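The values are calculated or read from the model by the stated rules, or taken from the named source; none is laboratory data. Note that this is a predicted model, so its numbers are computed, not measured. Cβ coordinates were reconstructed from backbone atoms using ideal geometry, including for glycine residues, and neighbour counts include every protein chain displayed. To get the accessible areas, we keep the full protein, side chains included, count just its heavy atoms, and leave off ligands, DNA and RNA. Shrake-Rupley method; radii C 1.70, N 1.55, O 1.52, S 1.80 Å.
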Amino acid sequence: MRTVTNVIRILVGVLFIVSGLVKANDPLGLGYKMEEFFEVWNTSLQAGSFFAKDALIRLFQYLHGHSLALSVLMIALEIVAGVALLLGLWRRWVLNGLALLIVFFTFLTAYAFLSGKFRSCGCFGDCLPITPLASFLKDVALVLMIGWLIVFQRYIQPLFSHRANRMLFLLSIVFSFVFQWYMLRFLPAVDCLPYKVGKNIPEGMKIPAGAVPDSFAMKFIYEKDGKRYSFGISEFPSDLASYKFIDREQTLVRKGNAEAPIKGFSLTSDAGDVTEQVLAEPKAVLVFALDFKELNKWMPAFRNWYAQARSKNVPLFVVTPQVAQGKVLFNSAGLPEVVFLSCDNTAVKTAARANPTVMLVEKGTIRDKAAAPKADRILNRL
């Protein structure tokens, strides 16, 4: 039992650490996924009659507004709990904590799988996407393994001395938060999104060759003598002319994968859609800004970016879902000539994990991108 218990201990500990580290590379991405869960739950609650729905809606609205903080905390808990298990520290408390975590994760993955509303639950971030079913089965296996560890926890012994274990545990806490802070400030170390450097945006907007489209079954509704009939394409009666066509229905039979990596990327100005024109520029600087809450912090840097781009005749655009607000603020800052382009909120979130993110694009190909503190390197390439 001792050997089996310690093998399971290593598997569980490593899996939690790896899961946490993969998500720590992009904590904002997990925050967005949590927002999606909260939005779906609130939509379902609003349409239902659950007696406590008002309280739950308010709770999910609060959590939605603090999704990033919740994401950072959950990621840190995964890493720290995995380290504590491997070190053999506070085994009862750690195992109980892991049990609570995995029950919560199992609920999420079960909902993602059974509802069919999610392509991925975000359990391993965008770098290791797995289906909701695979995520759910993984969590069920972890429930069983953690249950085993709780029953046979007497075989779990400290890995090092008490002092060394505590020092390593403290370092894991510091690392888990500092690493996430760095990723949030300077963009993910490993970019697994469709807007990573080297990708061509127009190509990413196309459905990949060989992709399998969704498969639908079509039914046609007809009426005759006051009765309604439903026919498939190969089921029409010989006297169809005597029936009155009413409607048609289509049912999804098989979900395909015919989906472009880049979705919803459209740039519009006062003159209309300018996506093709912007992506055809030999060089263009795109400053993605989800909002302008911290504009005062990056406005001095923006003035430098704008001046350098103009001195080299390279167009610079501010891409944001909040064009009207941006124009007012930039006019007040003495920059009324800055060109703003409207873009879908989700597309901006996907393209820019820092607010703002500066991207150098050459004929639609992303040559470089950086968060504001490191954006000067991009301007040096103009």
- Quick one: net charge of Asp191's neighbours, Cβ under 14 Å, K/R +1, D/E -1? +3
- Table column - 3J(HN,Hα) (Hz), the stretch 225-237, Karplus curve with 6.51, -1.76, 1.60, x for Gly and Pro: 6, x, 10, 9, 10, 10, 10, x, 4, 9, 10, 5, x
- Item | For a label point 7 Å along the Cα-to-beta-carbon line of Leu329, residues of the stretch 353-377 with backbone N under 20 Å | 353-359, 370-376
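Using a 1.4 Å probe on the protein heavy atoms, what percent of the accessible area of the chain belongs to carbon and sulfur?
On the way: 12570 of 20460 Å².
Within the chain, the accessible surface is 61 percent carbon and sulfur.
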- Helix by helix through the chain, keep the DSSP H runs that span 20 Å or more along the axis on Cα and average at least -1.0 on Kyte-Doolittle, and give those back in order. 2-24, 27-47, 67-87, 91-115, 132-151, 162-186, 295-311
- Note on the structure: Excluding residues fewer than 8 positions from Lys244 in its own chain, the lysines with Cα under 29 Å of it are Lys219, Lys224, Lys227
- Any idea how far apart Arg248 and Met167 come out in nm if each label point goes 7 Å out from Cα toward Cβ? 7.3 nm
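Taking trypsin sites (Lys or Arg not before Pro) that fall in a DSSP loop and have at most 15 other Cβ atoms within 10 Å as cut points, what is the longest piece of the chain between them?
Values: sites that count: Lys117, Arg119, Lys196, Lys206, Lys255, Lys263, Lys293, Lys312, Lys363, Arg381.
In short, 1-116.
Protein chains only, probe 1.4 Å: how do Met183, Met205 rank by accessible area, largest first?
Values: Met183 10, Met205 75 Å².
My answer, sorted largest first, is Met205, Met183.
Quick check on my link table: of Lys206/Lys312; Lys206/Lys283; Lys23/Lys263; Lys206/Lys293; Lys23/Lys327, which ones sit more than 29 Å apart, alpha carbon to alpha carbon? Let's see the in-between values first.
Values: Lys206/Lys312 32 Å; Lys206/Lys283 22 Å; Lys23/Lys263 22 Å; Lys206/Lys293 34 Å; Lys23/Lys327 35 Å.
Among Lys206/Lys312; Lys206/Lys283; Lys23/Lys263; Lys206/Lys293; Lys23/Lys327, the Cα-Cα distance tops 29 Å for Lys206/Lys312; Lys206/Lys293; Lys23/Lys327.
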- Item | Options [x] 20.3; [y] 24.5; [z] 21.7 - which one matches Kirkwood radius over Cα pairs in Å as calculated here | [y]
- Message: Ignoring chymotrypsin sites (Phe, Trp or Tyr not before Pro) that are buried or in helix or strand per DSSP, and keeping those with at most 13 other beta carbon atoms within 10 Å, what is the longest stretch of the chain between them?
- Response: 161-382
- Taking the dipole of the chain about the Cα centre (Lys, Arg +1; Asp, Glu -1; charges at Cβ), the one of Thr268, Leu360, His162 that reaches farthest to the positive side is His162
- In nm, to one decimal, how far is the modelled label at Arg154 from the one at Cys192, with both set 7 Å along Cα→Cβ? 4.1 nm
